[in-house]
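Each remark here refers to the structure printed beneath this line.
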Amino acid sequence: MSAGVPIWRCANCRAGYFPEPLLCPRCNGGTFEIGRVHEAVVEEVSVIRHMIGQENWQPRRIASVLACGGPRMTVGLRDESGPGAVIELFEEGTAPFGLAKNPA
Ligand SMILES: [Zn+2]
């Protein structure tokens, strides 16, 4: 697992995206700079209770989050963080996850 999640920032208008778009939906630019975001605020949480074709499925929490200085993205939640919580972003494989930020 690695800290942070990659985002693609349009070289022209600086809008951030995840995952990488073919063209910037905002300005149609096609050049992106890869950055990394480490923190996000949870906006909405939903629970996936069943998955077709999957036995032994454990309910999973996914969250729509707004990355600090970056785009809105969907991540897997690894704890009970709710809306408004600040989470730390990390990657497992190529999938983004979030976990409540430890108080400093
Ligand atoms: Zn753009």
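The values are calculated or read from the model by the stated rules, or taken from the named source; none is laboratory data. Values in this document were obtained by computation on a predicted structure and should not be read as measured data. A quick note on method: Cβ atoms are made from the backbone with ideal geometry, for glycine too, and the neighbour counts reach across all protein chains shown.
General observations
- Residue in segment 72-88 that is within 16 Å of the ligand (Cβ to nearest atom), surrounded by fewer than 13 Cβ atoms within 10 Å (Cβ to Cβ) and assigned to a loop (DSSP other than H, G, I, E, B) present: no
- If the condition is being in a strand (DSSP E or B) and more than 7 Å from the ligand (Cβ to nearest atom), then segment 7-33 contributes I7, W8, R9, G16, Y17, F32, E33.
- Of all residues making up segment 32-68, the number that are within 17 Å of G4 (Cβ to Cβ) and either free of Cβ contacts under 8 Å to residues at least 24 places away in the same chain or loosely packed, with under 12 Cβ neighbours inside 10 Å (or both): 2
- Qualifying positions in segment 1-31 - without any contact (Cβ under 8 Å) to a residue 24 or more places away in the chain and on the phi > 0 side of the Ramachandran plot: R14, N28
- Residues located in segment 51-98, provided they are under 13 Å from A40 (Cα atoms) and over 11 Å from the mean Cα position of the chain (by Cα): G69, S81, G82, P83, G84, A85, V86
- The selection criterion, being in a loop (DSSP other than H, G, I, E, B), away from the ligand (no atom under 16 Å from the Cβ) and either charged (D, E, K, R) or at pLDDT 95 or above (or both), does not hold for E43.
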